[in-house]
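This report refers to the structure that appears directly beneath it.
Where a number appears in this text, it was derived from the coordinates with a stated rule and is not lab data. These figures come from a predicted structure and were not determined experimentally. Glycine also receives a Cβ, built like all others from the backbone with ideal geometry; neighbour counts cover every protein chain displayed.
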Amino acid sequence: MSARRTPREPAGEKALIAAIRRRTAGRTRSVRLGIGDDCAILRPAPGSEVVVTTDFSLEQVHFRRDWHPAESAGHRCLARGLSDLAAMGADPMAAFLSIAVPAELTVAERGSSWLDRFLNGILALASRHKVPLAGGDTAQSPLFDEVGSRQTGMVSADIVLVGSVAQGRALLRSSAKAGDILYVTGALGGAEAELLALGRNPEAFSKLKKSAPEHPHLYPEPRLAVGRRLLAQRTATAAIDISDGLSTDLAHLCEESGIAVQVDAAAIPVHPLAQKAEKDGWIPSALHFALHGGEDYELLFTASSRTKVPARIAGVPVRSIGRMKARRKGKPLMEMIRPNGKAVPLHAGGWEHFG
Ligand SMILES: Nc1ncnc2c1ncn2[C@@H]1O[C@H](COP(=O)(O)OP(=O)(O)OP(=O)(O)O)[C@@H](O)[C@H]1O
Ligand SMILES: Cc1ncc(C[n+]2csc(CCOP(=O)(O)O)c2C)c(N)n1
Ligand SMILES: [Mg+2]
């Protein structure tokens, strides 16, 4: 989008939107009208209902421009929304991106601007999951902060994802039953471990412009195929994605379902990057990262004890890590059996804004 501009001239709003429009599919099966009018027009399949989720990606909160490659910030922005759709078992219909950027980030440097690269990250993931960018809003973010001798501003992005799901079939947080088995996909704690490594040496990550499974923080993979399969095969009784950390998101599932849980710590799949951080003496406990580290974007789901749950779903490993219980007065909402066999209360210790 920068090819027609002279090097240090910021693109205007209209040019930016036109460039985004050129890079997105016009019509698809679910988008009757995309970028260009006052609203987009979506067409859900007959017999389906529409699900909607919205997530901020804020500079200094969800990413840092001096740590995250712009492509990763874009990928993560869309992945946050897609992961919520995955947790409901939904199919993506369209994405909407509202973004405020300081003018300097629209100026090309060596061929592309920060905003171009952010969009590259979004659109690469969008094309893999066949989700069209059907609209949004673009604004200039004011300059207010001194970085060295320069004034700069902050990037704020909000992604809205619209999806569809067969009527009455969406996977909810609120429908787990006492006696159900608790499962998790993939491995946990990797995103927090990679964030730690990123903060210690951002330069080592600065060239990572493409999605790769060995980068759980920079390029998390939303588990859409797993969610779809859990719904289609009626495997799950309830589901949630892990954005704030296993302990915090499991507490949401328990609270919304009105039940308790017992987690088997020894069964939790701990990501190799968290194990390495512990081995290298960076952190005291890899299990702590797996329990409370945020942004793994894995799925946590429950299934009846009579349901046979395969060891892999859509190519992703699935592990049983506990059992749902009836709530009892005076008993904690969440209990954990430590690897040494001792039962202890498990507190929600994941990410909390204003925390
Ligand atoms: N400002 C708000 N106004 C209205 N509803 C909100 C607001 N913030 C959150 N919610 C609603 O509260 C519920 C929980 O939101 P939350 O953001 O914690 O979702 P989540 O999926 O647990 O986390 P994540 O944001 O990481 O996806 C959702 O139904 C969400 O729509
Ligand atoms: C620069 C930087 N510092 C810290 C973090 C960690 N972090 C930020 S938000 C969040 C939870 C999910 O967000 P939300 O609750 O808004 O969905 C986590 C684990 C990061 N990604 N980048
Ligand atoms: Mg969620």
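DSSP loop trypsin sites (Lys or Arg not before Pro) in the stretch 22-57 with at most 13 other Cβ atoms within 10 Å of their Cβ, which ones? The partial results should precede the final answer.
On the way: sites: Arg22, Arg23, Arg27, Arg29, Arg32; in loops: Arg23, Arg27, Arg29.
Counting only loop positions with at most 13 other Cβ atoms within 10 Å, the trypsin sites (Lys or Arg not before Pro) in the stretch 22-57 are Arg27, Arg29.
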- Hz values of 3J(HN,Hα) by residue in the stretch 17-28 - Karplus curve (6.51, -1.76, 1.60), Gly and Pro given as x: 5, 4, 5, 5, 4, 4, 8, 10, 5, x, 9, 9
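Estimate the FRET efficiency between Arg23 and Ala45 by the formula 1/(1 + (r/R0)^6), using the beta-carbon distance for r and 22 Å for R0, to the nearest 0.05. The partial results should precede the final answer.
On the way: r = 26 Å, r/R0 = 1.18.
The calculated FRET efficiency here is 0.25.
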- Roughly how tilted is helix 246-257, in degrees to the nearest 10 and between 0 and 90, from the longest Cα axis of the chain? 70 degrees
- Query: When the helix-only estimate is applied to the chain (DSSP H runs of n ≥ 4, each -39,500 (n - 2.57), divided by the residue count), what is the mean residue ellipticity at 222 nm, nearest 500 deg cm²/dmol?
  - Reply: -8000 deg cm²/dmol
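At 0.36 nm per residue, minus the direct Cα-Cα distance, what do Lys276 and Trp351 gain on full extension? Give it in nm, one decimal, please. Don't skip to the answer; put the middle values down first.
Working: separation 75, 0.36 × 75 = 27.00 nm, distance 2.19 nm.
Answer, rounded to one decimal: 24.8 nm.
One quarter of the convex hull surface, Cα atoms only: what value does that give for the stretch 181-345 in nm²? Walk me through the numbers before you get to the answer.
On the way: hull surface 41.2 nm².
Mean orientational projected area (the stretch 181-345, Cα hull): 10.3 nm².
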- If you count, for each residue, the other Cβ atoms within 10 Å and average over each peptide, how do 159-165, 175-181, 340-346 line up from highest to lowest? 159-165, 175-181, 340-346
- Query: Using θ = phi - 60° and the Karplus form 6.51 cos²θ - 1.76 cosθ + 1.60, what ³J(HN,Hα) does each residue of the stretch 195-200 get, whole Hz, x for Gly and Pro?
  - Reply: 4, 4, 5, 4, x, 6
- Message: Helix 114-128 against the longest principal axis of the chain: what's the angle in degrees, Cα atoms only, rounded to the nearest 10?
- Response: 50 degrees
- Item | Rg(Cα) / (2.2 N^0.38 Å) computed for the chain, rounded to two decimals | 1.04
- Query: Simple spin-label model, 7 Å along Cα-to-Cβ: Asp38 to Glu256 in nm?
  - Reply: 3.4 nm
- Message: Please give me, ordered by residue number, the trypsin sites (Lys or Arg not before Pro) of the stretch 238-338 that lie in loop per DSSP and have at most 11 other Cβ atoms within 10 Å.
- Response: Arg306, Lys308, Arg328, Lys329
- Item | Hz values of 3J(HN,Hα) by residue in the stretch 78-93 - Karplus curve (6.51, -1.76, 1.60), Gly and Pro given as x | 6, 4, 4, x, 4, 5, 5, 4, 4, 5, 8, x, 8, 9, x, 9
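Taking chymotrypsin sites (Phe, Trp or Tyr not before Pro) that fall in a DSSP loop and have at most 11 other Cβ atoms within 10 Å as cut points, what is the longest piece of the chain between them?
On the way: sites that count: Phe144, Phe354.
Longest site-free region, per DSSP loop and neighbour criteria: 145-353.
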- Task: Write down the percent of antiparallel bridges among all DSSP beta bridges whose residues are both part of the chain, to the nearest 5.
- Result: 75 percent
- Glu221's amide H: which non-local residues (gap 5+, or another chain) put their own amide H closer than 5 Å, with H modeled 1.01 Å from N in plane and none for Pro or chain starts? none
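Which GluC sites (Glu not before Pro) in the stretch 173-261 pass both tests, a DSSP loop state and at most 16 other beta-carbon atoms within 10 Å? All intermediate terms of the calculation are to be shown ahead of the outcome.
Values: sites: Glu192, Glu194, Glu203, Glu214, Glu255, Glu256; in loops: Glu214.
Within the stretch 173-261, the qualifying GluC sites (Glu not before Pro) (loop, at most 16 other Cβ atoms within 10 Å) are Glu214.
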- Note on the structure: Given the candidates Leu171, Val160, Ala40, the one whose Cα lies deepest towards the positive end of the charge dipole of the chain, counting +1 at each Lys or Arg C-beta and -1 at each Asp or Glu C-beta, is Leu171
- Assuming R0 = 45 Å, what is the FRET efficiency of Ser174 and Ala103, from their Cβ-Cβ distance, to the nearest 0.05? 0.50
